[in-house]
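Comments concern the structure below.
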Amino acid sequence: MTAAAQPLQAAILPSGFVEDIVVRGLNFPTSFSMLPDGRILIGEKSGFVRIFKDGALLPTPFIDIRAQ
């Protein structure tokens, strides 16, 4: 059995909405949680949890849960 990947199609947005990339450099983000102080925790499929703070993705993962 083989399957071919289909190219992604552009989203059709309602009038007045725009698509914007907020964070680059993530590997398969699967979840996120906004913290009261404005930071965003981002879970990656690999098991890393990253922090987006003050408009930038911090270079070091916050936590590594790959072994869990």
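Read-outs throughout are calculated quantities, based only on the coordinates presented, and are distinct from any laboratory measurement. Computed from a predicted model, the values in this text were never measured in an experiment.
So here's what we get for this one:
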| quantity | calculated |
| --- | --- |
| Mean separation of Cα contacts under 8 Å (6+ apart) over length of the chain, as relative contact order % | 20 percent |
| Cα coordinate range in the chain, projected on the principal axes (Å, largest first) | 43, 33, 17 |
| Phi to ³J(HN,Hα) by Karplus 6.51 cos²θ - 1.76 cosθ + 1.60 over segment 27-32, Hz, x for Gly, Pro | 10, 6, x, 10, 7, 8 |
| Fluctuation leader among R24, R39, R50 - the chain, Gaussian network, Cα springs under 10 angstrom | R24 |
| ³J(HN,Hα) computed for each position of segment 62-68 - Karplus, 6.51 cos²θ - 1.76 cosθ + 1.60, integer Hz, glycine/proline x | 5, 8, 10, 10, 4, 7, 7 |
